[in-house]
Amino acid sequence: MSEVRLRFAPSPTGYLHVGGARTALFNWLLARKKGGKFILRIEDTDVARSTQESVDAILEGMTWLGLDWDEGPFYQSDNFPLYREYVEKMLTAGTAYKCYCSPAELEKKRELAISEAAFDDLIKGRISFQNEELDDLIIQRTDGTPTYNFTVVVDDASMRITTVIRGDDHVNNTPRQILLYEALGCPVPKFAHVPMILGEDKSRLSKRHGATSVMAYRDMGFLPEAMVNYLVRLGWSYGDEEIFTLEDLITKFSIESVGRSAGVFNPDKLLWLNAHYIKTGDPKRLAELLKPFLQERGVDWTVGPDLVAVVRTLLDRSRTMLEMADGTIFYYASDFDYEEKSLAKFLTPAARELCAELVERLKQSEDLGHDSIAALFDGLCADKGVKMKDVAQPARYALTGGSASPGIYDVIGVLGRDETIRRIRRALAA
Ligand code: GLU
């Protein structure tokens, strides 16, 4: 059996859009599943609209998602001699004509035309077009530049692409392209046209619905594995399963089980998946990913508690890396303000007494592991005849400056004895 060869062929006229990323993902998955090749081709023949910045953004997005390519990136702008060669071939074969030919000549050439162009789309089923519906396709302009449908076919043919997976905005191009393959005597690849992505109001996904650039999601604190998982489920399903890693997908994905209807982009579901991947993520890796977000906030994590230990306390509480970064701030900021109003609310005279006692007991405790801290709090509550929240709330306020934080034992464990005591004393003195 010949090798399966797929490609992603973005036009570098903007960032990597979530729709493009999903197309790339489907191609990548099929190539990996079949042990074939995934080729990246940059369609930059529209010189006026193509930019290097956009090429870089596309490559960055693919790399971030983990979609590595086996060949390329190839640039259409390097292929002009090849396109000219194919134009010559077609002119010689009589399958193309120079359009200054006479009406009689044109009529004669049209008689040679095939009456129908049809194909079995791997997602949409059979699609056919009558040739009368198609105009005479220009393959090369007067200035010598090749046109879009022609360059795609020359490239897909010369790159021996076996399956073309692309957005269904290209369905109308496919019959024209099939006619070109036939005219060139090249094998016609299989086609799979992926339904578009809609916003929640069922109109085509656009900036009105929120970010559409894949990298904007990274900047908003999404993990690539959440993005991949989300994108693949936009159109593809596998029973009731929701969680898929790239490795799972390589075995489970099939293009035939991509649905025919458009996927609706649901930010809440993406957030849910992201929270899942943060919760189950490797704290060491997450700590690395967190650093740029901390830098943005001016948090210096090199002085103070171990960042990985901090991250561990935030896994259950962060839906995004942005939320995690916000949750990290108090660990490294020892000089936050205790506002008068909240001071009075949390540090009542009774609470102050309990905090002072907590300091005494912390000084004496030998071990500050989770269980020892729990035992210390239990002992304090029992001895003073108070409830856990009577101690935990003022302590949390003193340690974090707020009323919501990871579990108080975890916070104390991460801050360590000296810093814990220092913060409680500072609050008591405020
Ligand atoms: N360059 C085209 C686009 O970005 C894709 C062409 C194709 O996949 O055949 O829409």
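Taking only region 8-56 into account, find how many residues are in contact with a strand residue (DSSP E or B) (Cβ under 6 Å, 6 or more places away or on another chain) and small (G, A, S).
Counting residues in region 8-56 that are in contact with a strand residue (DSSP E or B) (Cβ under 6 Å, 6 or more places away or on another chain) and small (G, A, S) gives 5.
Checking the conditions here, which among V194, V188 is within 16 Å of the ligand (Cβ to nearest atom) and either modelled with pLDDT under 95 or within 30 Å of A93 (Cβ to Cβ) (or both)?
Within the list V194, V188, the selection yields V188.
Give the residue that is most open to solvent (accessible area, probe 1.4 Å), with candidates limited to residues of region 126-153 that are in contact with a strand residue (DSSP E or B) (Cβ under 9 Å, 6 or more places away or on another chain) and under 12 Å from V87 (Cβ atoms).
If we take residues in region 126-153 being in contact with a strand residue (DSSP E or B) (Cβ under 9 Å, 6 or more places away or on another chain) and under 12 Å from V87 (Cβ atoms), then Q140 is most open to solvent (accessible area, probe 1.4 Å).
Name the pairs: first residue in region 277-296 and in contact (Cβ under 8 Å) with a residue 40 or more places away in the chain, second residue among the hydroxyl-bearing types (S, T, Y), Cβ to Cβ under 7 Å, at least 6 apart or on different chains?
I278/S318
Quickly run through region 265-282 and pick out the residues that are of a type in the set (S, T, N, Q) and open to solvent by less than 10 Å² (accessible area, probe 1.4 Å).
N274
Check D418, D378 and return the single one that is out of contact with any His (no Cβ under 7 Å at 6 or more places or on another chain), under 26 Å from W301 (Cα atoms) and free of Cβ contacts under 8 Å to residues at least 12 places away in the same chain.
Checking each option against the conditions leaves just D418.
Take Y409 and tell me if it is outside any helix (DSSP H, G or I) and of a type in the set (F, W, Y).
no
Condition (residue is more than 19 Å from H193 (Cβ to Cβ), within 13 Å of the ligand (Cβ to nearest atom) and touching a residue at least 60 places away in the same chain (Cβ under 8 Å)) applied to region 134-149: is it met by at least one residue?
no
Grab the helices (runs of 4 or more DSSP H) fully contained in region 1-110, keeping just those with 3 or more residues being closer than 29 Å to F222 by Cβ and within 16 Å of the ligand (Cβ to nearest atom).
18-33, 52-65
Among the residues of region 7-38, which ones are hydrophobic (A, V, I, L, M, F, W, C) and out of contact with any Pro (no Cβ under 9 Å at 6 or more places or on another chain)?
F8, A9, V18, A21, L25, F26, W28, L29, L30, A31, F38
All but one of (1) open to solvent by less than 30 Å² (accessible area, probe 1.4 Å); (2) within 16 Å of the ligand (Cβ to nearest atom) hold for D168, so report the exception by its number.
(1)
Report, by residue number, each residue of region 378-416 that is on the phi < 0 side of the Ramachandran plot and surrounded by fewer than 16 Cβ atoms within 10 Å (Cβ to Cβ).
D378, G379, A382, D383, K384, V386, K387, M388, K389, G402, S403, A404
Among residues belonging to region 171-211 that are assigned by TED's automatic domain parsing to the domain that holds R22 and basic (K, R), point out the one that is least open to solvent (accessible area, probe 1.4 Å).
Among those residues, the one meeting the criterion is R176.
Considering only residues that are hydrophobic (A, V, I, L, M, F, W, C) and surrounded by fewer than 15 Cβ atoms within 10 Å (Cβ to Cβ), which ones fall in region 287-319?
Answer for region 287-319, where residues must be hydrophobic (A, V, I, L, M, F, W, C) and surrounded by fewer than 15 Cβ atoms within 10 Å (Cβ to Cβ): just V303.
The values are calculated or read from the model by the stated rules, or taken from the named source; none is laboratory data. Predicted model only: the values in this text are computed from it and were never measured. Please note: Cβ atoms are built from the backbone with ideal geometry, for glycine as well, and neighbour counts cover all protein chains shown. Side chains included, ligands, DNA and RNA excluded: accessible areas come from the protein's heavy atoms. Shrake-Rupley method; radii C 1.70, N 1.55, O 1.52, S 1.80 Å.
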